[in-house]
Amino acid sequence: MVPGGPPPASKVMAKASPGVRNLKQTATFRASPHDVYQALVDPQEHAKFTGEPATMVAHPGGPFTAYDSGLEGYVLQLVPDKRIVLAWRATGWPKGHWSIAQFVLTRSGKTTKLEFSQFGVPLSDWKGIVDGWKQFYWAPLKAYLEA
């Protein structure tokens, strides 16, 4: 485990405890799973669709930041073109609070279906996180990939 890093995934991915909720969203893109995966894990591609600086050391245990360090975390699992699992937190969350964000990519004809789950979202940030993924990730990612 990375010093100061997230707790083991098994502790976070368990049933939502009081004060947190789990989130599920689905988005579809007219792009290959490879293109969707690259946009999410490559910092330069990520910055192109978000318009904000991002960093990622793309291997398990590697740190990442997004939205000019407003989001931070660690890579837990990368399966190229199929799955991304991150220990994820907003920098304004209470110290030591982490969620697990999982992106699963599946080809469906000429499109890619992205099934997103986030485990352990604080209730105090629930609405902002739900809306934020749609506004700051799925909509601009769709515009970027389908341009």
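Taken together, the values in this text are just the output of simple stated rules run on the coordinates, not laboratory data. Note that the coordinates shown come from a computational prediction; the quantities given were computed from them, not determined experimentally. A quick note on method: Cβ atoms are made from the backbone with ideal geometry, for glycine too, and the neighbour counts reach across all protein chains shown.
Values computed for the structure shown
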quantity	calculated
In the stretch 73-93, the residues that are free of Cβ contacts under 8 Å to residues at least 40 places away in the same chain, among the aromatic types (F, W, Y) and not in a loop (DSSP other than H, G, I, E, B)	W88
Number of the exception - P60 against (1) assigned to a strand (DSSP E or B); (2) of a type outside the set (A, V, I, L, M); (3) free of Cβ contacts under 8 Å to residues at least 40 places away in the same chain	(1)
Residue that is surrounded by the most Cβ atoms within 10 Å (Cβ to Cβ) [pool: residues in the stretch 111-139 that are farther than 16 Å from N22 by Cα and not polar (S, T, N, Q)]	L114
Candidates K127, K142, K134 - the one that is within 14 Å of the chain's Cα centre (by Cα) and basic (K, R)	K134
Residue that is surrounded by the fewest Cβ atoms within 10 Å (Cβ to Cβ) [pool: residues in the stretch 23-57 that are assigned to a strand (DSSP E or B) and either hydrophobic (A, V, I, L, M, F, W, C) or in contact with a Lys or Arg (Cβ under 6 Å, 6 or more places away or on another chain) (or both)]	T28
Residues satisfying the stated conditions in the stretch 94-110, i.e. buried (at least 17 other Cβ atoms within 10 Å of the Cβ) and touching a residue at least 60 places away in the same chain (Cβ under 8 Å)	W98, S99, I100, F103, L105
